[in-house]
There are 2 protein chains.
Amino acid sequence: MANDLSVNQELYFMSLAYEEAKKAKSMGEVPIGAIIVHKNQIVGQGHNLREKDQDATAHAELIAIQEACHTLKSWRLWDCQLFVTIEPCMMCSGAIINSQLPEVYFGARDPKAGMVQSLYQLLNDRRLNHQVQVHEGLFQKEASQIMQNFFREIRARRKNIKKSKQISRNSE
Amino acid sequence: MANDLSVNQELYFMSLAYEEAKKAKSMGEVPIGAIIVHKNQIVGQGHNLREKDQDATAHAELIAIQEACHTLKSWRLWDCQLFVTIEPCMMCSGAIINSQLPEVYFGARDPKAGMVQSLYQLLNDRRLNHQVQVHEGLFQKEASQIMQNFFREIRARRKNIKKSKQISRNSE
């Protein structure tokens, strides 16, 4: 089992995951960020880079897990906590299981693709050789808000593009 | 939908995935291999490298998907087929969904961690925004045999180590 963290430490590490999400947003990526902590030290961090890298696997959690394995020189992320702003998808839930991460904190649920609470509870399937302690809700409002704003801006941009195409077509 | 492959092509590409599995075995890794094909051309390949890289995410399929995204300069692996010797785990099933791979061939089932048929049918959940056409059984015997031999050899090696420790302890 990982070290116990105080409420202040939990808030601090989730605030850093949120900072990672903001980095993603500033690059035009879906704003999700993740941090991995080992004995109170950050050993991995990441934000979504799918568009920039054109890599379907470049999710915040996966990048952070790969970095943490590299830092700790071990594929087993024992005594670690993962902090992520949004509920992990299937791939990232699997990477959490494969790295035997004991503890995961996530901010807001993803009702469309979340595999920890929303569609399945994959981190707590007793048939698998690893289960995860899950904490939900830290920075929920912020994590959810930055996603909503991001998609609202994308929709507005698309609408404007459509409108200006319409105008130029009408004036031809 | 991906191009239709002939039976000979399917066998050929799965034989290459099996060759990848053999590479993993020769390195002392769990022998699983994968190939990704795009319009009859190989665009990604990989074998398990978890121990060598000490990376929990270094599964054959994930490595092959990352390479295919890089080759095609796209996170969307449309018109592609993935060939893998063993039924994908949770992480790799998620990477298949995230890359919108339309078609997956796997050899043998993994009753302990397989997420395509054994524990769940995650590639065909209608609630997700992508579903996958799954083909099962090509090279099933070979894929299963190389795994069984690998784990049998590991058990035998462990038994021998234990025995020689016992002998040296008794002769002290």
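The values are calculated or read from the model by the stated rules, or taken from the named source; none is laboratory data. Just so it is clear, the structure is predicted and the values come from calculations on it, not from any experiment. Here the Cβ is made from the backbone with ideal geometry for all residues, glycine too, and neighbour counts use every protein chain on show.
Reported count of residues in the range B:71-104, each being of a type in the set (Phe, Trp, Tyr) and buried (at least 24 other Cβ atoms within 10 Å of the Cβ), is 1. Among what's in the range B:114-148 and is among the hydrophobic types (A, V, I, L, M, F, W, C) and without any contact (Cβ under 8 Å) to a residue 40 or more places away in the chain, pick the residue that is nearest to residue B:83 (Cα to Cα). Among those residues, the one meeting the criterion is B:134. Note on the range B:120-172: residues that are part of a helix (DSSP H, G or I) and among the polar types (S, T, N, Q) total 11.
Table: residues versus (1) in contact (Cβ under 8 Å) with a residue 24 or more places away in the chain; (2) among the polar types (S, T, N, Q).
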| position | (1), (2) |
| --- | --- |
| B:74 | no, yes |
| B:78 | yes, no |
| B:112 | no, no |
| B:150 | yes, no |
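Could you tell me which residue of the range A:105-133 is surrounded by the most Cβ atoms within 10 Å (Cβ to Cβ), considering only residues that are within 22 Å of residue A:39 (Cα to Cα) and under 14 Å from the mean Cα position of the chain (by Cα)? That would be A:106. When each of A:108, A:58, A:64 is tested for being of a type in the set (A, V, I, L, M) and within 17 Å of residue A:146 (Cβ to Cβ), the lone residue that passes is A:108. Exactly one residue among B:161, B:146 is among the β-branched types (Val, Ile, Thr), surrounded by fewer than 14 Cβ atoms within 10 Å (Cβ to Cβ) and either more than 27 Å from residue A:111 (Cβ to Cβ) or modelled with pLDDT of 95 or more (or both), and that residue is B:161. Is it the case that residue B:19 is in contact (Cβ under 8 Å) with a residue 12 or more places away in the chain, touching a strand residue (DSSP E or B) at 6+ places or on another chain (Cβ under 7 Å) and charged (D, E, K, R)? Here the answer is yes, as residue B:19 does meet what is asked.
Scanning the range B:66-90 for residues that are under 13 Å from residue B:37 (Cβ atoms) and either assigned to a loop (DSSP other than H, G, I, E, B) or under 11 Å from the mean Cα position of the chain (by Cα) (or both) yields B:77, B:78, B:79, B:82, B:83, B:84.
For the residues A:55, A:110, the requirement of being closer than 18 Å to residue B:90 by Cβ, among the acidic types (Asp, Glu) and either within 14 Å of another protein chain (Cβ to nearest Cβ) or part of a loop (DSSP other than H, G, I, E, B) (or both) singles out A:110.
Residues in the range B:17-52 that are under 13 Å from the mean Cα position of the chain (by Cα), away from chain A (no Cβ under 14 Å) and buried (at least 17 other Cβ atoms within 10 Å of the Cβ): B:17, B:18, B:20, B:21, B:23, B:24, B:25, B:31, B:33, B:35, B:45, B:47.
Taken over the range A:31-42, the criterion of being in contact with a His (Cβ under 9 Å, 6 or more places away or on another chain) and either over 15 Å from residue A:92 (Cα atoms) or not in a strand (DSSP E or B) (or both) is satisfied by A:31, A:32. Tallying residues that are of a type in the set (Asp, Glu) and either crowded, with 17+ Cβ neighbours inside 10 Å or in a helix (DSSP H, G or I) (or both) within the range A:1-16 yields 1. What about residue B:63, is it in contact with a His (Cβ under 8 Å, 6 or more places away or on another chain), closer than 22 Å to residue A:54 by Cα and surrounded by 20 or more Cβ atoms within 10 Å (Cβ to Cβ)? Answer is yes for this residue.
Does residue A:121 count as polar (S, T, N, Q) and modelled with pLDDT of 95 or more? Yes, satisfied. Being touching a residue at least 24 places away in the same chain (Cβ under 8 Å), of a type in the set (Val, Ile, Thr) and at the interface with chain B (Cβ under 9 Å from one of its Cβ atoms) is true of residue A:96.
Within the range B:54-109, the residues that satisfy the criterion of being of a type in the set (Gly, Ala, Ser) and either within 11 Å of residue A:56 (Cβ to Cβ) or at pLDDT below 95 (or both) are B:68, B:74, B:94, B:95, B:99. Here residue A:72 clears all of (1) farther than 26 Å from residue B:128 by Cα; (2) at the interface with chain B (Cβ under 9 Å from one of its Cβ atoms); (3) touching a helix residue (DSSP H, G or I) at 6+ places or on another chain (Cβ under 7 Å) except the condition numbered (3). Of the residues making up the range A:58-68, those that are of a type in the set (A, V, I, L, M, F, W, C), more than 7 Å from every other protein chain (Cβ to nearest Cβ) and farther than 12 Å from residue B:98 by Cα are A:60, A:63, A:64, A:68.
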